[in-house]
Each structure stands twice: as C-alpha cells, then as structure tokens.
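The values are calculated or read from the model by the stated rules, or taken from the named source; none is laboratory data. Fair warning: this is a prediction, and the values are worked out from it, not measured in the lab. Because the Cβ atoms are built from the backbone with ideal geometry, glycine has one as well, and the counts that use them run over all protein chains shown. Heavy atoms of the whole protein, side chains included, go into the accessibility calculation; ligands, DNA and RNA do not. Shrake-Rupley method; radii C 1.70, N 1.55, O 1.52, S 1.80 Å.
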Amino acid sequence: MRYVPLDTPKPISKIGLGTWQFGSREWGYGPDYEQRAAQIVRRALDLGVTLFDTAEIYGFGRSERILGAALGDDRAKVVVASKIFPVLPLAPVVQQRAVASAARLGVAGIDLYQVHQPNPVVADTTTMRGMRALQDVGLVGEVGVSNYGLRRWRFAEAALGRRVLSNQVRYSMIDRGPEKDLIPYAQQAGRIVIAYSPLGQGFLSGRYDARNPPAGAVRRANPYFLPENLERGTELIATLREVADAHDATPSQIALAYLLRHPNVVAIPGASGVEQMERNAAAAEIDLADDEYAALVTAAHAFRPLTGLAAVPKLIRARTGR
C-alpha cells in the first residue's frame, strides 16, 4: 500500500474503502452482505488500508454501525471518516450529529468529519463554527467537505480558520472535472481530493455491456449504464484492457491507477467481496508508463456519453421497460 505524502496524525492510504453499500439495500447485494462487510473491512486492514469512509445517511446510520463493529479495537489505528448530511447544518446541529455518528461508530473522535453536500441556503460560516467547536473539544480531528467547487472549498477553509483537509468528489476516468482545478489546488495547498465512484460505479470494470447491463437500483439510475452509453464506452474499455494486459492487472485496477498517479488523490472504491477489496488495494502498487497514461487520457477524452436531460427519457424507458 502507498500513502498520501502529507503530514497527518495517521497515514492516509491511497486506496481507502467506501462503505455506502454497508447496510444500504439499494445496491442489491442481498441479506448476507452485512457479514461479508465485516470480512471486507478485516481484509482491508490486513492490506494496509487506513482510510474508511462512511456517512450518517448511508443506510440511515447502519453503515456507521457496521463499520465501527468491524473495525473493533483497530478503530484507533485508522482514519475513520464520516459525513454529516447538511439538512439545516447550523453549528449546534453539526455538533449534535457528530456526537451521534461517533456513538454509532464506537469512537472517541472522528478522524475526518465531512460536510456531505454544500447547503444552498446555509452559509459555511455557521457550519464551520460547529466544526471548529468539535475540533476544539477533540471530537473531530480533521474537517473535510464533499461535492464542493473550488471557490466554496476555499471559503469553507476561511470560515473554519484552519485547513479543510479534503474534498470528496465524484472522480473517475469518465468524470474528470476535478482535474481542472480541484486537483491542482490540492497539490499546491497540501490538501487531498478523495475520489468517490472512482470506477464509475463499475462502468470501468469492463463487466457490463449493452447485452449485460448491471442490476441494482443505484446503477439502473445511472445514465452511464444506458445501452447506448455502454456501447459508446467500448473503445475506452478496450484501452483499459490493453494496458491491464501489460501489467497482468484488471481494467478496474488500471482505472484506479490512473487516478492515483496524482500524489494528492485518494480513491475510495466500494467492494462487494474480499477478492474485490484485494484487487482494489493492489492497484496502489501499479506504476503507469507515460505512454500508457497518455493512451488512457486520449481514450477517456474520446468517450462522449449521453447524460443530463437528454438521458432522462431513455432512463425512464429502461426502468419501466417501455
């Protein structure tokens, strides 16, 4: 495992574990998944993973409980990250919700506490006042945000009066927006971009095509998995396979290695089983050659999916079968 080259109280692994799927039925992993979740966490620890990310909204608290129980006595050794869902994120509310999350996780302090989404009407001045109070009493170590643009990330940091260590955003080879400004800022300022959905919810795994679409409510609602977009992604997947063959790796591992080439980027893929966790962790050790990275960049830029309003009618037809 490799770690982010920053001065943090605990090392932050370049591959973390995202736990949205813990206790969340919409992923369609079945009733036995809670037991598997504990096995995944234990194996992640064995592999040197130190960043475990959850949120109070995941399974309405079940993800936090499952993660905390699975970590057990190792909770103090790793970076436990959670997120507040910002419904009325006034300072007292932020403090109350952090206490509740810490209790579910079974920790004395949350290593990284993040604002899950920017609130459109509540300014970060009051939210960060609550975060600062949590840091002052030792219940929160580092503060982070999620789904913030660069301007609001910097404003949140000014409001906190301390570093806002991380910004957790959707980032993958098919969602490259953070490369424009968030990643350059992170590298310049000594901050971290945490990439969620780093495999495009499995689009980049090469497991799916127009004749073999994914199951599960989350992926069925994602326009990338429309048959037309799966067809459009054929060349991108082919390039991933070509690079993967040269490294005796999988397309998913190469897609992760693409992100991790940036020193201040951490990826938090989920895992449906222990073997997938092992493959994800191994991606941290892959070094892409310059020409391989260039080929991946070219293939990623050539992918033009149907998204936004244009995709809505097709999504509806896909969901209703009409």
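Compute the FRET efficiency between residue 302 and residue 137 as 1/(1 + (r/R0)^6), taking r as their Cβ-Cβ distance and R0 = 56 Å, and round to the nearest 0.05. It comes out at approximately 0.65. Residue ranking by accessible heavy-atom surface, 1.4 Å probe, largest first, among 57, 66 comes out as 57, 66.
Per residue of the chain, the DSSP helices (runs of n ≥ 4 H) give a summed -39500 (n - 2.57) that works out to -12500 deg cm²/dmol at 222 nm. The trypsin sites (Lys or Arg not before Pro) of region 186-215 that DSSP puts in a loop, and whose beta carbon has at most 11 other beta carbons within 10 Å, are 211.
If R0 is 51 Å, what FRET efficiency do you get for residue 312 and residue 278 from their C-beta distance, rounded to 0.05? According to the calculation, E is roughly 0.85.
With a simple spin-label model that places each label point 7 Å from the Cα along the Cα-to-Cβ direction, the separation between residue 221 and residue 88 comes to 2.4 nm.
Between residue 142 and 112, 113, the built amide H atoms are under 5 Å apart, and every one of these is 5 or more places off in sequence or on another chain. For Cα extents along the principal axes in Å, the value calculated from this model appears in (i) 53, 46, 40; (ii) 68, 44, 44; (iii) 62, 39, 34 under label (i).
Taking Cα atoms only, the orientation of helix 91-105 departs from the longest principal axis of the chain by about 70 degrees.
Assuming 0.36 nm per residue, please report the length gained on full extension of the stretch residue 103 to residue 181 beyond their Cα-Cα distance.
24.5 nm
Residue 199 exposes around 20 Å² of accessible area when a 1.4 Å probe is run over every protein chain in place. Using a Förster radius of 30 Å, what is the FRET efficiency between residue 189 and residue 60 based on their Cβ-Cβ separation? Nearest 0.05, please. Given R0 = 30 Å and the Cβ-Cβ separation, E is 0.30. Under the convention that each Lys and Arg Cβ holds +1 and each Asp and Glu Cβ holds -1, the size of the dipole of the chain around its Cα centre is about 1180 debye. Ranking 156, 173, 183 by how far each Cα lies toward the positive end of the dipole of region 73-186 (charges on Cβ) leaves 156 at the top.
So what is the accessible area of the chain per residue, in Å², with the probe set to 1.4 Å?
Numbers: 13990 Å² over 322 residues.
Per residue, the chain has 43 Å² of solvent-accessible surface.
Projecting label points 7 angstrom from Cα along Cα→Cβ for residue 154 and residue 73 puts them 4.8 nm apart.
Figure the gain on full extension for residue 209 and residue 96 (residue separation times 0.36 nm, minus the Cα-Cα span) and round it to one decimal in nm. It would help to have the intermediate numbers written out before the result.
On the way: separation 113, 0.36 × 113 = 40.68 nm, distance 4.51 nm.
That works out to 36.2 nm of additional length.
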